[in-house]
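Undergrad: Got a structure for you, questions after.
Bear in mind that the values in this text are calculations on the coordinates, not laboratory data. Fair warning: this is a prediction, and the values are worked out from it, not measured in the lab. Positions of Cβ are generated from backbone atoms using ideal geometry, with glycine treated the same way; all protein chains shown enter the neighbour counts.
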Amino acid sequence: MAESWRDSALRMKGGVIGLARLSAPRGTADIMPQEARRWQELERVARQVFEAYGYGEVRTPIFEYTELFQRGIGEATDVVDKEMYTFRDRADRSLTLRPEGTAGVVRAYLEHRLDGAAQPAKLYYLGPMFRYERPQAGRARQFHQLGAECIGTSDPAADVEMIGMLAGLLRRLGLDGFEVRLNSIGCPRCRPAYVARLREAVASVVEQLCPSCRERYHRSPLRLLDCKRESCQRLTAGVPVLLDALCDECHGHFRQVRQHLDDLEIEYRLWPRLVRGLDYYTKTVFELISPDLGAQDALGGGGRYDGLVETLGGPPTPGVGFAAGMERILLALAKSRPQETASGIDAFVAHHGAEGRRAAVRIAARLRDAGLRVEIDYLNRSLRAQMKQADRQRARAVVIVGEDEAAREAARVRDMETGREQEVPESNLLHVLAQGGN
Ligand code: HAM
C-alpha cells in the first residue's frame, strides 16, 4: 500500500529523512481554493456586519512581546501557562504568537493614543491565532477568529451590542440553532469575597476533585465552576453562585444588560457557571453555543474587561468585546445546510491548431481584463477533451477557436445550457458572453 503523507512525515520525525514528503504541522490546516470561497464569504458578511455597527478594522501583529499576554490574559490561565507558542528572537527577546486578539488590540489602542480620541473606539479583526492545545474536531493549534472590541464605554448597551452583533452575524450566515449563555462574574470589589466563600465551600472536597481542579483551587478558583468532569460538577453542585454575590453596581449593570436583551428580543439562558478562561473579564460574560459541534461547542464568546486597559499601562478605561472561531462557524454551517457546489466559470476558451491557440490566448486575456471568469486549455488537449473540461468546470459558454476562425478573427460560441452554437466576431465576443452565451 502507498505510504500516506502523514506516515512519511512520521518516518521523518524518527530521523529517516530520505525523500519523504512533509505534512502541515499537527493542529494546522491548509485552506484550499474550494473551501477558501466559504471563508471569503464568511469574511465578507462579517465585515459587512461590523461596518454596519460602526467598527473599523485593525490588523495587529501576529506576534507580540510575551509580557503583553502574561499581563493581559493572566499568568494563571491555561492559555498563558500551557498553550502559548513562545520563542526567543535573535536579539533574545521573548515573543509569543498571539493566542487571542484582545490584548494586542488594547495595546494598539494605547500605542496609537486612541484613548485621547473620541470614545468609544470600535475595532474589529479577523485572523489567525495560535494555541498549543490537543487538536480535535473544532480545536486547532492555528485557528482563526473574527472579533470586535468596544473600548471606552461602560454602557450595558455596548455589552448587548456585542451579543447582538455576533448573533446577527450567525443568523445572516444561515445559522440559527445556537444558544446564548450569559453570566456576570462581578468586579474586583465583589469577586474576592465570593472567591473566598467558594474556596471555603469547596475546601472539604478538594482532595476528591480532578488534578486540574485541585490546581485551580489554589491558582484560579473561579474556574472550578466550569470543569467539564461530571464527578467534579457533582462535588461542586451546591456551591454559592456568583450572581447572588454581586455588588450593587455589578448587579445594576447586569439588570440593564438583561433589559436590553429583552428589548431586542435576543433569547438567552442565564448560565451561572460560565466564567471564561481568560483573567481580564469583569461583569458580563457570554458564549454562543452550537448544538452541532460536539465537545468544542462554543462558536464564540466574550465579555466586559473594565480593568484591562489599566493593567496594560493605560488610564482606567472600560471595554467589552467578543471573538468567534471561524473554523467552528464554518463547521456548524456545513452541518446545518448541504454544501453548495462551487460556482462555475463564465467561459472556457477551447482551441485547435497553432493559430487557433494564439488567438485563444489573446481572447482569454481580453475577456479576463473585462472581468469575466475565463479558463483556457494549457495541456494541448483534443477539442473533445477540452469540451469535457469545460463541462467539469461548469462553464456557461465555450469559445472555440480553430485555424479558420482565427483567420477570420472570429470564434464559435457554444451555450452550454442550450447547446446552441454561433459564430461571433472577436470584437463582439464580450458583448455576446456578457449576455449569457447566445
Ligand atoms: P475565547 O473564548 O478564548 O475568547 O475564544 C473565542 C472563540 O475562539 C471560541 O469560542 C472558539 O470558537 C474559538 N477558539 C478558541 N480556541 C480555539 C482553538 N484552539 N481552535 C479553534 N477555535 C478556537 C477569546 O479569545 C477572547 N479574546 C474573546 C474576547 C474578545 N473577549 C473580549 N473581547
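Undergrad: Please list 418-425, 322-329, 122-129 highest first by mean number of surrounding beta-carbon atoms within 10 Å per residue.
TA: 322-329, 122-129, 418-425
Undergrad: Considering only the other residues whose Cβ falls under 10 Å of the Cβ of residue 320, what net charge follows from Lys and Arg at +1 and Asp and Glu at -1? Please report the intermediate quantities before stating the final value.
TA: Numbers: positive: 283, 304; negative: 149, 155, 159, 161, 306.
Surrounding charge for residue 320 is -3.
Undergrad: Taking the Cα centre of the chain as the origin, how large is its charge dipole in debye, to the nearest 20, when only Lys and Arg (+1) and Asp and Glu (-1) carry charge on their Cβ atoms?
TA: So the magnitude is around 1160 debye.
Undergrad: Rank-order 158-171, 182-195, 263-276 by packing density, defined as the average count of other C-beta atoms within 10 Å over each peptide's residues, highest first.
TA: In decreasing order of mean packing, 158-171, 182-195, 263-276 become 158-171, 182-195, 263-276.
Undergrad: With no solvent and one point per C-alpha, what does the Debye sum give as log10 I(q)/I(0) for the chain at q = 0.09, 0.12, 0.13 Å⁻¹?
TA: -0.73, -1.04, -1.14
Undergrad: Kindly provide the helix-only [θ] at 222 nm of the chain, computed as the sum of -39,500 (n - 2.57) over DSSP H runs of four or more divided by all residues, to the nearest 500 deg cm²/dmol?
TA: Helix contribution divided over all residues of the chain: -11000 deg cm²/dmol.
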